[in-house]
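For reference, the structure is listed below as structure tokens.
The values are calculated or read from the model by the stated rules, or taken from the named source; none is laboratory data. As the structure is a prediction and not an experimental result, all values here were calculated from the model. Virtual Cβ from ideal backbone geometry, glycine too; neighbours counted across all protein chains shown. Keep in mind that these areas ignore ligands, DNA and RNA; they rest on the heavy atoms of the full protein, side chains included. Shrake-Rupley method; radii C 1.70, N 1.55, O 1.52, S 1.80 Å.
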Amino acid sequence: LLFSLLNEKKVDQTLKKVNQLLDKVFVDAELHYIAFIANSESENKEKAEFHKGVIRGLLDSIQENKKGGSEEDAFVVINVHEEYTFLRFSNMQVTKQSLSHKDGHSYDIMVCKDMGHEGREVTVYFNVDIPTQSLRDALAN
């Protein structure tokens, strides 16, 4: 819906809707990306730069000195949506996903095509303990 509004050049409507959503879910890099584009198109450079900085901060918080190449070096996410957002911003296309458990932790293992490197296959690991625990808590209530 938001990308449709942007494509139709309905920038004011996009900004209104994306700001409402950000009030509810501030830590969504994809929403900040839409806000960045909409603010850029409306020539509000200060707000655009703000959203660009938030995106950078959110993506950096996932990486935090991790490479994501193994369970031991897995990227930590707070929800599954973050995995896909991170991979999209990293120019990766998911071809296969599996769930693994090791040493009391849960991992999503994503086999991807690295579109920035001629589609070579890359395996990326995400520690999904936080979203797994959130799901357990929700099901317990």
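Just a few scattered comments:
- List M92, M115, ordered by accessible area with a 1.4 Å probe, largest first: M115, M92
- Rounded to 10°, Cα long-axis angle of helix 129-140 versus longest principal axis of the chain: 90 degrees
- Cα-centred dipole magnitude for the chain, charges only on beta-carbon of K, R (+1) and D, E (-1), debye, nearest 20: 380 debye
- Compared with the dominant Cα axis of the chain, that is its longest principal axis, helix 11-24 is turned about 40°.
- Measure of compaction for the chain (Cα Rg per 2.2 N^0.38 Å): 1.17
- For Y107, the solvent-accessible surface computed with a 1.4 Å probe is close to 20 Å², ligands and nucleic acids excluded.
- Greater than 18 Å apart at Cα, pairs in K24/K45; K17/K47; K10/K52: K24/K45; K10/K52
- Gap separating the Cα centres of the stretch 94-141 and the stretch 1-37, nearest whole Å: 26 Å
- Farthest toward positive dipole pole in the chain [+1 Lys/Arg, -1 Asp/Glu at C-beta], among I37, V54, Y107: I37
- For the chain, with all protein chains in place and a probe radius of 1.4 Å, 51% of the accessible heavy-atom surface sits on carbon or sulfur.
- Placing one equal scatterer on every Cα of the stretch 1-84 and applying the Debye formula, the log10 ratio I(q)/I(0) at q = 0.21, 0.24 Å⁻¹ is -0.93, -1.10.
- Gain upon complete extension [F26, I109; 0.36 nm per residue less C-alpha separation]: 27.3 nm
- Computed [θ] at 222 nm, helices only, for the chain once each DSSP H run of length n ≥ 4 contributes -39500 (n - 2.57): -16500 deg cm²/dmol
- Estimated at 0.36 nm per residue, the fully extended path between S40 and L99 surpasses their Cα-Cα distance by 17.4 nm.
- In this simple spin-label approximation, D60 and D129 carry label points 7 Å from Cα along the Cα→Cβ vector, and these lie 2.4 nm apart.
- Kirkwood Rh and Cα Rg combined as Rg/Rh, the stretch 85-141: 1.10
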